[in-house]
Structure formats: C-alpha cells, structure tokens
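Chemist: I am attaching a structure below and will ask some questions about it afterwards.
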Amino acid sequence: MLTNKGTVPSGRARRIARLLLLFLLAAAMLGTCVSYPAEDAAPILLRNPSPGVRVTVEADRIVFVPERTEAGLLFYPGALVAPEAYAPLMDALAARGMLCVLLRMPGNLAVLKQGAAESARGDYPGISRWLVGGHSLGGSIAARAAAANSGHYDGLVLLASFPADDLRESRLPVLSVYGSEDHVLDRENYAAAKRLLPEDTRELVLSGGCHAGFGLYGPQRGDGTPTLSREEQIAQTAEAIIAMIH
C-alpha cells in the first residue's frame, strides 16, 4: 500500500490490501459519483477521423487504425467517463501512426475489467510494440496490467494518475502527465506513489492544464479552471506519447 513502509503482505492479506487500495484510489480520483458522457463532437470525430485514420466501433472497444503502424496503445478511460470522450486524443495519436485501442468498461469503471488490455492485445499480431495507459483511475488499472505483464509492453502512460503496484523493477519506460490546474488528482497520494515507479520515469506537467482536459466530456466536478485549451492539452499529450516509441 502507498502508506505502508513495513513488510509487504502476502497471500490473502495482499489481495485484500490491493482491493482496498483500489477502492481508495477510486475515491481519491473521482471525488464524485457524477457520470460524464462524451460531448456531441465525439461521435462526429468517430465518423470523420483524421485523414489516413479508420475507426472501428466494437462492443468492447473503439479502435483507431492508421494506414501503417507497428506500435499500439491500449487505453483505459477514466472512471465514469464515456470512452468516446477520448476520441480526440486517440485520433491525434493514430494520425501520427499509432494504433489506438480504446477499451470499453462495464459501468465505465476500469476496475471492473482489469484484464481488458491483455485480452485485446492478442487480437493484433501485427503490432510489435505496445504501450498501455489510461486516465485517472484508468491509469491505475493500466499500471496494474503493466506490473503483471511487463514483458508484454514497451511503456506505460499515466494521465493524471498514479500506480498502486510496484513498477520499480519492471524496466518499463513510464510517462506521467498531469495539468498544473488539476484539482481532482490527489497530489499527496501522487507524490507518495512516485516511489513505486522506475527512477527514469518522465513527468510532464502541462502548464494551465486540468484533469478533464485529456478528454471531450466537459468540466469535471472539483477540477480547477484551465488556462490551457483542451486542444493544446491533447496535442501536447499526444506528442509526448508518440515520443515514447521513437
């Protein structure tokens, strides 16, 4: 656990501790029970993506397919956020050559389908390099997938998020991005969780960015007032993610 500096629990105690921690993470990152549907522009982007990008909508995922690629991203949405809200970020990445698999979650809660990334990854044998990532609570679940299957991934992307699992020995490149005006992210827990990440983790603080700026779902309750446009926050985030595979 993030606050435990003693011995590490084992067996059943460890499983209970991890489950409890996930609920604590959910409470810390949500701060509300409000659900967040995607704005009207999101389905328009699904029908009319960037040139060279094809979108397929499936029951358990939305896939942004570039014309040619060898790298992909498996992405867990933030809790209670409709996956379509992340269409602009996925489209921006696909336009630069990255296959993006936007995972659908039961009840829009990634904690209810933690193995989704591993299940989807095997459906794309042509992809030789994979990143796994997510926003807010979705990032914590992505970190869990990376910790359990580090040999299957070439990097972890955390957007306004932090891990509950120890990744120090994973040797995975990690990108951690959040906005300076993010008032939803629990900064105390975020700082404490840094000890679970590799020493070479790259941290990117977006000046003027906020918690909801990674998606197209409007303002989030409890968030700060951004001075960075959503378009620019998404563009800077996409650029940083693309840099992980180059």
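Readers should treat all values here as calculations from the given coordinates under stated rules, not as data from a laboratory. What you see is a predicted model, and the numbers here were worked out from it, not measured in a lab. Here Cβ is always computed from backbone atoms with ideal geometry, including for glycine, and neighbour counts include all displayed protein chains.
Chemist: With θ set to phi - 60°, apply the Karplus curve 6.51 cos²θ - 1.76 cosθ + 1.60 along segment 81-86 and write out the HN-Hα couplings as whole Hz, x wherever there is a Gly or Pro.
Modeler: My calculation for segment 81-86 gives 9, 4, x, 4, 4, 8 Hz in order.
Chemist: Can you work out ³J(HN,Hα) from phi for every residue in segment 234-239, in order, using Karplus 6.51 cos²θ - 1.76 cosθ + 1.60 and θ = phi - 60°, giving whole Hz and x for Gly and Pro?
Modeler: With coefficients 6.51, -1.76 and 1.60, one gets 5, 5, 5, 5, 4, 4 Hz.
Chemist: Still on this model: How much of the DSSP bridge set in segment 55-243 is antiparallel, in percent, rounded to the nearest 5?
Modeler: Details: 7 of 32 bridges.
In segment 55-243, approximately 20 percent of DSSP beta bridges are antiparallel ones.
Chemist: What angle, in degrees between 0 and 90 and rounded to the nearest 10, separates the Cα long axis of helix 137-148 from the longest principal axis of the Cα atoms of the chain?
Modeler: It is inclined by approximately 70 degrees.
Chemist: Roughly what angle does helix 11-30 make with the longest principal axis of the chain, taking Cα atoms, 0 to 90 degrees, to the nearest 10?
Modeler: 50
Chemist: Also, quick follow-up: Is the shape of segment 35-179 rounded, prolate or oblate, going by the alpha carbon gyration tensor and its root eigenvalues a ≥ b ≥ c, with a/c under 1.5 for rounded and a/b larger than b/c for prolate?
Modeler: On the way: a/c = 1.70, a/b = 1.23, b/c = 1.38.
Oblate is the answer for segment 35-179, as a/c is 1.5 or above yet b/c matches or exceeds a/b.
Chemist: Right, another one. Beta carbons within 10 angstrom, averaged per residue: use that to sort the peptides 174-186, 114-126, 66-78, highest first. Before the final figure, lay out each step's value.
Modeler: Values: 174-186: 21.2, 114-126: 15.1, 66-78: 23.2.
Output ranking for 174-186, 114-126, 66-78: 66-78, 174-186, 114-126.
Chemist: Hey, got a sec? Which trypsin sites (Lys or Arg not before Pro) in segment 183-246 land in a DSSP loop and have at most 14 other Cβ atoms within 10 Å?
Modeler: Values: sites: R187, K194, R195, R202, R221, R230; in loops: R221.
Of the trypsin sites (Lys or Arg not before Pro), the ones in loops of segment 183-246 whose Cβ has at most 14 other Cβ atoms within 10 Å are R221.
Chemist: Something else now. Nearest 0.05, what FRET efficiency do A41 and N149 give at R0 = 45 Å with Cβ-Cβ as r?
Modeler: Approximately 0.85, to the nearest 0.05.
Chemist: Specify the inter-centroid distance of segment 55-114 and segment 124-175, based on alpha-carbon positions, in whole Å.
Modeler: Using only Cα atoms, the two centres lie 15 Å from each other.
Chemist: So if I restrict to the alpha-carbon atoms in the chain, what is the Rg, and what is Dmax, the biggest pairwise distance, in Å?
Modeler: According to the Cα coordinates of the chain, Rg and Dmax are 16.7, 53 Å.
Chemist: With point charges of +1 on the Cβ of Lys and Arg and -1 on the Cβ of Asp and Glu, referenced to the Cα centre of the chain, which listed residue (A235, S207, V65) lies farthest in the positive direction of the dipole?
Modeler: Toward the positive end, the furthest listed residue is V65.
Chemist: Can you give the local net charge around A82? Use residues other than it whose beta-carbon is closer than 13 angstrom to its beta-carbon, Lys and Arg +1, Asp and Glu -1.
Modeler: On the way: positive: R104; negative: E39, D40, E84.
Net charge in that neighbourhood comes out at -2.
Chemist: Report, in deg cm²/dmol and to the nearest 500, the calculated mean residue ellipticity at 222 nm for the chain, where each DSSP H run with n ≥ 4 adds -39500 (n - 2.57) and the sum is divided by the residue count.
Modeler: Values: 7 runs with 74 residues, N = 246.
Counting only the DSSP helices, I get -9000 deg cm²/dmol.
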